[in-house]
1. With only alpha-carbon atoms in the gyration tensor, what are the semi-axes of the equivalent ellipsoid for the stretch 156-203, in Å, largest first?
2. Classify the stretch 120-215: rounded, prolate or oblate, from the alpha-carbon gyration tensor (a ≥ b ≥ c, eigenvalue square roots; a/c under 1.5 rounded; otherwise prolate if a/b is larger than b/c)?
3. Roughly how big is the chain's charge dipole about its Cα centre, with Cβ charges of +1 (Lys, Arg) and -1 (Asp, Glu), in debye to the nearest 20?
4. Apply the Karplus curve 6.51 cos²θ - 1.76 cosθ + 1.60, θ = phi - 60°, to the phi angles in the stretch 99-113 and return the couplings in whole Hz, x for Gly and Pro.
5. To make sure I understand, if each residue's beta carbon is the centre and we count other beta carbons within 10 Å, what order do HIS89, HIS22 fall in, fewest to most?
6. From the helices alone, meaning DSSP H stretches of at least four residues, give me the mean residue ellipticity at 222 nm for the chain, per-run term -39500 (n - 2.57), in deg cm²/dmol to the nearest 500.
7. Please give the FRET efficiency for SER49 paired with ARG129, using the beta carbon to beta carbon distance and R0 = 30 Å, rounded to the nearest 0.05.
8. What's the local net charge at HIS115, with K and R +1, D and E -1, over the other residues with C-beta under 14 Å away?
Amino acid sequence: MPTYAVRAPLARWLAEEAARAHADLGPYRLLDVGCGQKPYEPLFAPYASAYVGVDPAPNPRAELEGSVEELPVEDAAYDVAICIQVFEHCDDPARAVSELARVTAAGGRVLVSTHGVMAYHPSPADYWRWTHTGLEKLFRDNADWASVRVTPASGTTACLGMIASLYLDLAARRAHAGILARPLVAAINSVASAVDRRSAQLREPGPGTLFANFHVVAERPA
Ligand SMILES: C[S@@+](CC[C@H](N)C(=O)[O-])C[C@H]1O[C@@H](n2cnc3c(N)ncnc32)[C@H](O)[C@@H]1O
């Protein structure tokens, strides 16, 4: 998969956070903002007492219709709000942060993931990319949090490998030979992960690094 550097760490992180939220909060009410097809619902299902999806356009998988900037939800109605690969598409990320905080109960948490580097992909728009410091500032400036933690999903080599893989896959598919790119993309993914594992300088945020995706955990004050 060309977007392995985003998707594999995202699934691992959400599985860990789903269990950690249950250990800290017990069964929780969860709001999935910009839910799309709700691909992560199975990770939360064992722990959530309610799982509600919201999307801005009519979506048979979403219980509610509305945007992250104006959620059709009461204050503090959920213990956990997730917003996965949505921030890059929303008009007003500052408003999105304050809305996510508003709908999350005291002691609850918000989980966001969004891109550092990615090809343009409107859904329906595509406006923003982030650095780890930019995302942390966005959260701290727009709501009151007990803690905000921003971590890169994968390393610099994985990010470079993802960009190469995306265009390799595209070129192969245009030549009606998509299947031929698969072993090459798999090899790039595994070499890139191995290189990043060997170097903290490629994994940890610092000058010269490049990250495909970031994970944010923002906890509301108790
Ligand atoms: C890349 S998809 C991600 C879907 C899902 N969260 C996932 O990870 O598979 C982007 C989603 O964001 C939604 N979206 C776009 N703009 C939005 C906004 N302003 N507020 C809430 N959702 C938005 C789209 O309808 C779409 O479902």
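1. 25, 10, 4
2. Numbers: a/c = 3.39, a/b = 1.59, b/c = 2.13.
Taking the square roots of the gyration eigenvalues as a ≥ b ≥ c, the stretch 120-215 is oblate.
3. For this selection, approximately 1060 debye.
4. Here the 3J(HN,Hα) series is 5, 4, 5, 4, 7, 9, 5, 3, x, x, 8, 10, 10, 10, 10 Hz.
5. So the ranking, lowest neighbour count to highest, is HIS22, HIS89.
6. Result for the chain: -13000 deg cm²/dmol, rounded to the nearest 500.
7. Numbers: r = 35 Å, r/R0 = 1.17.
Efficiency for this residue pair is about 0.30.
8. It works out to a net charge of 0.
Every number here is computed from the coordinates shown, using simple stated rules; none is lab data. None of these values were measured; they are calculated from a predicted model. Heads up, the Cβs are rebuilt from the backbone with ideal geometry, glycines too, and the neighbour counts pull from every protein chain shown.
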